[in-house]
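Comments concern the structure below.
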Amino acid sequence: MLRFETAGESHGECLVATLTGLPAGIPVDLEYVDRQLWRRQQGYGRGGRMKIETDRARIVSGVRHSHTIGSPIAVVIENKDWKNWTAALPVAAADAEPDKQKPVERPRPGHADLAGAIKYDFPEARYILERASARETTARVALGALTKSFLKHFEIEVLSHVVAVGPIRLEREAAWEEIVAVSQREEVLLGCVDPDVENRMKQAVDHAYRTGDTIGGIFEVVAHGLPPGLGSHIAWDTRLDGRLAQAVVSIQAVKGVEIGHAEEGAMSYGSAVQDTIHYDKAERQFHRGSNRAGGLEGGITNGQDVVVRGFLKPISTLRRPLESVDLPTREPALAAYERSDVAVVPAAGVIGEAMVALVLTQAFLEKFGGDSIGETRRNYEGYLSQVRRF
Ligand code: EPS
């Protein structure tokens with residue numbers, strides 16, 4: 001079973017992540033991992049913190065001579081900002097400087113601040129936001145890059161693009177080649193495949209900047225090259241659509257998820273929603289009239305691209321703060337403002353890729369197993385020949 005875990009706080013020393021269960025023998029290209037971390041840091045609308053950080057994955061176990069060796073992989077990512085926080089958030093109380101403390105006493109509506117402080121019984125929210133922060137997703141992206149390398153070995157690729165920023169929406173399908181081109185950009189902007197739409201998205205972000213506001217959006221993750229048969233209809237928790245949904249909604253600020261054309265489907269008649277089935281006798285292959293199901297039927301991959309959208313609310317830290325309460329006095333007060341981003345939709349897409357790749361790798365290894373990449377490949381090829389004979 002593939003397992004993973006992250007640790008680390010936004011202004012602590014570093015982020016840490018472990019991944020256990022990848023077979024031995026998968027090539028690991030550190031530049032590729034760092035490129036994914038770089039992609040997560042990009043996008044029009046990101047805040048001052050990204051000028052401080054240059055995220056790099058330091059792999060400290062599980063990879064030797066650029067290949068996985070089967071043992072747990074541990075990754076460390078340094079927080080450069082830590083040097084500014086050592087007196088505010090020391091591990092030992094003796095190292096704290098009283099005048100450097102940064103309590104968050106006016107919880108931000110929409111952030112974990114208040115619910116977390118109540119739950120963990122803290123008088124203010126500093127420790128809560130340290131872990132609730134999307135900084136944590138750096139660790140997920142590092143692990144996602146390792147699972148993307150695994151999937152690539154089987155010609156499966158997971159990428160993303162942005163389909164909406166606030167009210168500005170891409171009103172057409174994106175071709176796979178366009179999504180690939182977006183992922184290769186050196187200037188990410190808003191990660192939209194259509195330059196005109198992207199320009200209008202940029203204006204929407206500018207409006208949020210000018211007015212001290214923030215803006216959300218929708219990203220789309222596409223997994224290309226999947227075999228039919230990952231996930232299963234047999235039980236609620238083996239259905240791959242449910243597992244992908246949980247993975248994507250677990251991303252900070254994501255409040256909804258859509259598989260394929262779920263929203264449109266809910267408002268249409270059945271005859272306009274399902275993907276018709278056809279068979280090419282010469283090629284001895286099934287093909288489908290469309291992909292509105294997003295590559296999943298009955299919680300099983302059907303061989304089409306898996307398409308998962310994440311709906312991101314606007315970030316809850318506003319320069320023009322909303323009404324809140326001062327925790328020490330319980331008097332009305334404006335919410336705290338901490339340095340923050342205005343828009344993070346393309347970055348959230350990269351995190352979505354990581355989460356989808358982690359879940360797909362889990363499902364892939366559940367089905368094909370293997371302690372070495374050769375064993376996994378034999379099992380996979382045996383299955384593919386069974387599928388061809390079907
Ligand atoms: C975040 C607040 C900002 C963001 C951060 C998420 O951090 P800071 O308070 O240090 O300016 O930059 O995101 C990241 C650090 C990151 O790497 O994505 C928050 O409160 O969630």
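Using a simple spin-label model with pseudo-atoms 7 Å out from Cα toward Cβ, HIS278 and GLU263 lie 2.9 nm apart. How large is log10 I(q)/I(0) at q = 0.12, 0.16, 0.17 Å⁻¹ when the Debye formula is applied to the Cα atoms of the stretch 146-284, each weighted equally and without solvent? With one equal scatterer per Cα and no solvent, log10 I(q)/I(0) is -0.66, -1.13, -1.24. Ordered by 1.4 Å accessible area with all protein chains kept, HIS278, HIS233, HIS11 run largest first as HIS233, HIS278, HIS11.
The value obtained for the chain, namely the Cα convex hull volume divided by the number of residues, is 161 Å³ per residue. Over the chain, what is the mean sequence separation of C-alpha contacts under 8 Å (at least six apart), divided by residue count, expressed as relative contact order in percent? Contact order relative to length: 23 percent. The slack in the chain from LEU334 to TYR120, taken as 0.36 nm per residue of separation less the alpha-carbon distance, amounts to 74.8 nm. Packing here is the average count of other Cβ atoms within 10 Å per residue, and on that basis the peptides 370-383, 81-94, highest first, run 370-383, 81-94. If you plug the beta carbon distance of ARG319 and THR20 into 1/(1 + (r/R0)^6) with R0 = 41 Å, you get a FRET efficiency near 0.50.
In terms of the mean number of neighbouring beta-carbon atoms within 10 Å, the peptides 297-307, 235-245, 279-289 order highest first as 297-307, 235-245, 279-289.
Dimensions of the stretch 263-356 based on its C-alpha atoms, expressed as ranges along the principal axes with the largest first, amount to 75, 30, 20 Å.
Checking the cross-link pairs LYS152/LYS255; LYS102/LYS255; LYS152/LYS281; LYS148/LYS367 against a 19 Å limit on the alpha carbon distance flags LYS152/LYS255; LYS102/LYS255; LYS152/LYS281 as lying beyond it. Rolling a 1.4 Å probe over the protein chains gives MET50 an accessible area of about 30 Å².
The values are calculated or read from the model by the stated rules, or taken from the named source; none is laboratory data. If you're wondering where the values come from, they're calculated on a predicted model, not measured in any experiment. Cβ coordinates were reconstructed from backbone atoms using ideal geometry, including for glycine residues, and neighbour counts include every protein chain displayed. Each accessible area value is taken on the protein alone, full model and side chains, heavy atoms only, with ligands, DNA and RNA left out. Shrake-Rupley method; radii C 1.70, N 1.55, O 1.52, S 1.80 Å.
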